[in-house]
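Contents: one structure, followed by commentary.
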Amino acid sequence: MARQTGIIKLKGTLGDLTFYKSGGQYLVRQKSSLDRKRIATDPAFQRTRENGAEFGRAGRAGRVLRTAIRSLLRIAKDRFVTQRLTSAMVRVLQADRVNPRGLRNVIDGDVELLTGFEFNRNSMLGTTLHAPCRTDVDRQQGTLTLSVDPFVPSERVVAPSGATHFKIVSAGTEIDFEGETFVTDRKETGFLPWGHDVTEAIAHVHHVTAGSVHPLFLVVGIVFFQEVNGVYYPLSDEAFNALRVAAVSGGGKVEDVGGQSKEELSAVEASGGFSSFVLTQTKDQANSVSLQIIDRARRFSGAKRSKKSSAGFVRRPACHDPTRGLRFGGL
């Protein structure tokens, strides 16, 4: 593809050239010789049709999730969040071990792969909020809980210049990806001063349908404000607000696990940020997660040396131990 550098920018098709805008840049490419009918009927494009069908399902699933948390997403996102979430949904869909290629879907995939997804790469929750937080998902009771122990904001929150206060926000949502419906319960703290005073303990209990068989998501974020004469103004640049998928519980039949003790799975980012988030699950749920990801864990555990990412950070292997917890990726 080529870039448009002239004063006048074009969009559309002119002869064999297509002019368009992508990523804030005006580009031009040669018009494809393929037509829609050939792609839809030619056996040579069978894989293309299969990939297109699955990509469409991933895109719709991402749209439903974004809609479910729209009130939070509008204040904490980057401009590529739609594309990134669709890519993440494709990975979820590709984890489907039930349906043949072309018919794989998010429901039979592994939605728990979305745990740790950051909606704003410019300000990730893992590098902004370092408070001692815990999450708990109780499918039988239909509750998703965020608990934050008392902390000193100046020590645990990385605030942008000009911020005087902040809020910790969260939302619990139950999503039916097939019906494209959802139930969302949002909570937020009052305005918390960014200073040396210790905060009170925070407990957000979100309610969804008890005994639901649909995937459950707990999303957590932080929003910054500036106080002037008793009025709290959102920072004009919302790029510093952060939002993250803190916990996910995949859908399925709800079984009685009464009487069993609970184990804690620690969801730790190797970057060191947000390392205090703990996802509490039952033993059966923990074993289920272990079976789903053991192959990936073995691949990383065999790594002998770290690799460098394109951004220059050292990418360290993720670790897995079904009896001790799970670490999600790393930089």
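3J(HN,Hα) along the range 242-251: 10, 8, 9, 7, 8, 8, 9, 10, x, x Hz, from the Karplus curve 6.51 cos²θ - 1.76 cosθ + 1.60 with θ = phi - 60°, whole Hz, x for Gly and Pro.
Phi angles of the range 209-214 translate, via the Karplus equation with coefficients 6.51, -1.76, 1.60 and θ = phi - 60°, into HN-Hα couplings of 5, 5, x, 4, 9, 8 Hz per residue; Gly and Pro are given as x.
The spread of Cα positions in the range 27-109, taken along each principal axis and listed from longest to shortest, comes to 44, 41, 15 Å. For the peptides 187-195, 170-178, the ranking by mean Cβ contacts within 10 Å, running from highest to lowest, is 170-178, 187-195. Evaluating 6.51 cos²θ - 1.76 cosθ + 1.60 at θ = phi - 60° for every residue in the range 194-207, the Karplus couplings come out as 8, x, 9, 7, 6, 7, 7, 5, 10, 9, 10, 10, 9, 10 Hz, glycine and proline recorded as x. Exceedance of the 31 Å cut-off in Cα-Cα distance is limited, within the set Lys11/Lys77; Lys31/Lys77; Lys11/Lys37; Lys9/Lys77, to Lys31/Lys77. Peptides 62-68, 240-246 ranked from most to least packed by the mean count of surrounding Cβ atoms within 10 Å: 240-246, 62-68. Compared with the alpha-carbon gap, the fully stretched path from His207 to Ala44 is longer by 53.8 nm at 0.36 nm per residue.
Each reported figure results from applying straightforward, stated rules to the coordinates on display, with no laboratory input. Source: prediction; values computed, not measured. Backbone-built Cβ (ideal geometry, glycine too); neighbour counts: all protein chains shown.
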